[in-house]
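Here is the structure we will look at, set down as structure tokens.
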Amino acid sequence: MRRSFVAIACAALLSATAFPAAAAEKTDPRQAAMDAAVAAGIPGMVAVADDFRGVSGVASIERPGKPDASGRWRVASVSKVFVATLVLQLVAEKRAALDEPVQRYLPGLLPYPEPITVRQVLQHTSGLPRDLLPEDSWATLPEIDTERFEHFDSDDEIRLSTKKQPLLFKPGTSWAYSNTGYNVLGLLVEKLSRKPLERVLAERITGPLHLRDTSLPRDFPFLLGPAARGYEQLYDAPRGLTDVTTYNYSRYYAAGGVVSSGADLNRFFEALLGGRLLPPALLTQMKTTVPAGGMEYGLGLMKLNLKSAGICAEDITIWGHGGDLPGYNTLSFRDESGKNISTMATVDLTVSQDAAIKRQLPMVNEFCTPVLPARAAAQAPVPSL
């Protein structure tokens with residue numbers, strides 16, 4: 001949740017030493033990619049596609065046992081796609097308008113005189129601050145451990161973030177990722193529906209789609225039925241990894257508080273991009289993008305062309321989102337032909353550069369065989385936010 005893009009430098013991954021030829025002939029490339037990421041330092045990985053359910057590494061560093069491909073994890077910023085869908089459903093019902101200021105619906109919440117539209121908040125063109133200042137959140141890595149049960153009311157993060165920080169730019173003139181903005185959207189959904197966000201999510205998305213693993217737990221810190229435990233290197237050696245699975249993420253509320261599973265994420269994106277959750281005109285609006293630091297961003301959706309990024313020879317466009325929270329990295333994407341994949345890795349903020357690159361390759365291998373020459377230095381990002 002606190003990092004921007006992870007640049008994917010595929011050169012090291014696509015050399016002959018990354019996946020031995022003999023193993024590549026026998027092993028699914030998505031499995032081989034996960035195994036390489038685990039060898040680089042990821043404790044555990046899960047990848048779920050329509051024709052593949054794979055795991056690698058361990059579910060817990062304390063005991064033997066593989067991750068559970070059917071288990072749940074914290075999907076971090078993939079939560080934004082759920083929230084954006086709820087907002088657009090309310091727009092479809094004429095309870096809100098994309099080009100109306102959020103201040104119309106939430107008067108007094110934001111301290112800025114500039115009007116900021118619902119569309120701008122959805123698309124990260126609002127200029128709202130990204131996050132809390134370190135003094136109000138995690139100033140050091142050990143604080144991720146010691147502040148794990150801190151409670152935030154729904155508007156706490158918004159008020160703390162905005163009262164101490166100016167707008168990053170005039171609304172509508174640039175792009176900058178904002179968790180604060182998506183917490184604003186969570187309050188917008190609650191105000192317009194007169195229901196808690198978790199109830200709206202259940203009534204409008206998870207219930208109708210039978211997403212039994214997906215919820216917004218708010219203050220509930222325990223992860224039930226986890227795919228694997230999540231870890232970070234929060235203290236200097238010789239102290240090892242810290243388990244951060246149990247955590248109160250009320251600070252990230254609508255911006256990143258959702259728990260889900262690989263199968264549920266795939267079913268959600270299939271329904272959303274297949275037109276089952278939004279009217280065609282609003283799905284078109286959702287997929288109308290602006291440039292966003294090496295990719296494109298719509299209304300809560302990331303768009304990446306893998307050929308333009310230099311990753312695939314074929315002209316393949318994928319839609320979805322990435323997510324980062326302490327202990328969990330998520331990538332969930334779907335291409336135009338209907339292929340879905342969701343991946344999870346169990347270390348995020350303190351991952352090594354090598355492992356950060358390699359944990360992205362299971363997702364890429366769902367859509368193509370990467371074609372970068374071994375000496376190429378790719379600068380295009382596979383987004384993970």
Positions within region 157-185 being outside any helix (DSSP H, G or I) and closer than 15 Å to residue 252 by Cα, in sequence order = 177, 178
Which members of region 52-64 meet the condition of being open to solvent by 40 Å² or more (accessible area, probe 1.4 Å), modelled with pLDDT of 95 or more and assigned to a loop (DSSP other than H, G, I, E, B)?
-> 58, 61, 62
Spot the failing condition for residue 188; the list is (1) part of a helix (DSSP H, G or I); (2) under 23 Å from residue 298 (Cα atoms); (3) open to solvent by 40 Å² or more (accessible area, probe 1.4 Å), and only one is missed.
-> (3)
Pairs where the first residue, in region 33-53, is among the basic types (Lys, Arg) and the second is open to solvent by less than 10 Å² (accessible area, probe 1.4 Å), C-beta under 8 Å, 6+ apart | 53/47; 53/262
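Would you say residue 254 is open to solvent by less than 30 Å² (accessible area, probe 1.4 Å), under 22 Å from residue 119 (Cα atoms) and touching a Phe, Trp or Tyr at 6+ places or on another chain (Cβ under 9 Å)?
The answer is yes for residue 254.
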Only one of 131, 145 is surrounded by fewer than 19 Cβ atoms within 10 Å (Cβ to Cβ), in contact (Cβ under 8 Å) with a residue 12 or more places away in the chain and among the charged types (D, E, K, R), namely 145
Out of curiosity, is residue 322 at pLDDT below 95, under 23 Å from residue 84 (Cβ atoms) and touching a strand residue (DSSP E or B) at 6+ places or on another chain (Cβ under 6 Å)?
-> no
Can you tell me how many residues in region 231-277 are under 30 Å from residue 142 (Cα atoms), of a type in the set (Gly, Ala, Ser) and modelled with pLDDT of 95 or more?
-> 9
Is one or more of the residues making up region 328-336 more than 20 Å from residue 261 (Cβ to Cβ), modelled with pLDDT under 95 and open to solvent by 10 Å² or more (accessible area, probe 1.4 Å)?
-> yes
If you check every pair at least six apart or on different chains, which have Cβ atoms under 9 Å apart with a residue in region 217-234 that is under 19 Å from residue 330 (Cβ atoms) first and a residue that is open to solvent by 60 Å² or more (accessible area, probe 1.4 Å) and of a type in the set (S, T, N, Q) second?
-> 225/70; 227/70
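The values are calculated or read from the model by the stated rules, or taken from the named source; none is laboratory data. Keep in mind that this is a model prediction, so the values were computed, not measured. Glycine also receives a Cβ, built like all others from the backbone with ideal geometry; neighbour counts cover every protein chain displayed. All accessible areas refer to the heavy atoms of the entire protein, side chains included, with ligands and DNA or RNA removed. Shrake-Rupley method; radii C 1.70, N 1.55, O 1.52, S 1.80 Å.
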